[in-house]
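Novice: The structure is given below, and queries will be raised subsequently.
The values are calculated or read from the model by the stated rules, or taken from the named source; none is laboratory data. Since the structure is predicted, the reported quantities are computational estimates derived from the model, not experimental observations. Cβ placement follows ideal geometry from the backbone for every residue including glycine, while neighbour counts extend to all protein chains displayed.
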Amino acid sequence: MSTKRPGVGLLAALLMLTLTPPAATGAEFRWAQTRHEAGLRLVYGKNMQDADVRLVGILPRFGWVLVRPGSPWLAGCGLSFVLEGIFTAVKAEKDGVELGLTPLLRLTFPWGRQVLLFVEGGAGVIGEFFDSPAMPHTFNFTPQIGGGVEVAVARNVGLVVSYRFRHSSNAGLYEDNPAFDVHLIQAGVSYYF
């Protein structure tokens, strides 16, 4: 008997497209006039503690390119400041949602003109509106870090696959402060303009 997981098929399709050899697409990133990036990522996550909590959602993003990839600054790497929204449905003892905002710094490593490798991290705030022993408080902070790959599929459009580790806690605002740590797999699209 098989069990269906929401979003797994779409995530697999985006992963396959992202891993398509860049030469097959013929597209490349062009950074000369790039000042901003915008995107949307689909996310699936599972917590690392004993209680079973699963997340499925979207992460809309908007960023400012501080250093363009390929410039002489930062040895040819790029640097962006990104604001990322969090809108996830949560499957737990009592299902619910997460809503939040995370500022991130993103360091990109161009691999030719068709592939970007990147690491990104930051810390934001989140409202976690679900019932689980893994999450005793609604308002939390979310330090996180991860990395991934982005492949050009059209001029200044890339498909992204990434992994991120996210921690949620109330940073000592309350006496009870268990860690809520989640592994997140993301897939989506970015547009540079």
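Novice: When the residues of the range 123-145 are filtered to those that are in contact (Cβ under 8 Å) with a residue 40 or more places away in the chain, touching a strand residue (DSSP E or B) at 6+ places or on another chain (Cβ under 6 Å) and not acidic (Asp, Glu), which remaining residue is farthest from Gly96 (Cα to Cα)?
Specialist: Gln144
Novice: For residues that are more than 13 Å from the chain's Cα centre (by Cα) and assigned to a strand (DSSP E or B), scanning just the range 101-114, find the one that is farthest from Gly39 (Cα to Cα).
Specialist: Filtering the range 101-114 for residues that are more than 13 Å from the chain's Cα centre (by Cα) and assigned to a strand (DSSP E or B), the one farthest from Gly39 (Cα to Cα) comes out as Trp111.
Novice: Could you grab the pairs with beta carbons closer than 8 Å, sequence gap of 6+ or different chains, first residue in the range 33-54 and closer than 24 Å to Phe81 by Cβ and among the polar types (S, T, N, Q), second one assigned to a strand (DSSP E or B) and at pLDDT 90 or above?
Specialist: Pairs found: Thr34/Val65; Thr34/Tyr192.
Novice: Moving on. Restricting to the range 115-142, give me the number of residues that are out of contact with any Gly (no Cβ under 9 Å at 6 or more places or on another chain) and in a loop (DSSP other than H, G, I, E, B).
Specialist: Count: 4.
Novice: Another question, then. Give me a count of the residues in the range 83-97 that are at pLDDT 95 or above and surrounded by 20 or more Cβ atoms within 10 Å (Cβ to Cβ).
Specialist: Residues flagged as at pLDDT 95 or above and surrounded by 20 or more Cβ atoms within 10 Å (Cβ to Cβ) within the range 83-97 amount to 3.
Novice: Another question about this same structure. Out of (1) touching an Asp or Glu at 6+ places or on another chain (Cβ under 8 Å); (2) under 21 Å from Gly57 (Cβ atoms); (3) modelled with pLDDT of 95 or more, the odd one out for Gly127 is which?
Specialist: Against the list (1) touching an Asp or Glu at 6+ places or on another chain (Cβ under 8 Å); (2) under 21 Å from Gly57 (Cβ atoms); (3) modelled with pLDDT of 95 or more, Gly127 comes up short only on (3).
Novice: Cβ-Cβ distance below 6 Å, separation of 6 or more or different chains: which pairs start in the range 173-193 with a residue that is assigned to a strand (DSSP E or B) and end on one that is β-branched (Val, Ile, Thr) and modelled with pLDDT of 95 or more?
Specialist: Taking only residues 6 or more apart or on different chains, the pairs are Leu184/Val43; Gln186/Val43; Ala187/Val161; Gly188/Val160; Ser190/Val160; Tyr191/Val157.
Novice: Which members of the range 139-193 meet the condition of being within 22 Å of Val90 (Cα to Cα) and of a type in the set (Ser, Thr, Tyr)?
Specialist: Selection gives Thr142, Ser162, Tyr163, Ser168, Ser169.
Novice: Right, here's the next one. Determine which single condition His137 fails, assuming it passes every other condition in (1) closer than 23 Å to Ile86 by Cα; (2) surrounded by 20 or more Cβ atoms within 10 Å (Cβ to Cβ); (3) of a type outside the set (Lys, Arg).
Specialist: So the condition that His137 fails would be (2).
Novice: Would you confirm whether any residue within the range 21-36 is in contact with a Ser or Thr (Cβ under 7 Å, 6 or more places away or on another chain), modelled with pLDDT of 80 or more and small (Gly, Ala, Ser)?
Specialist: The answer is no; no qualifying residue exists.
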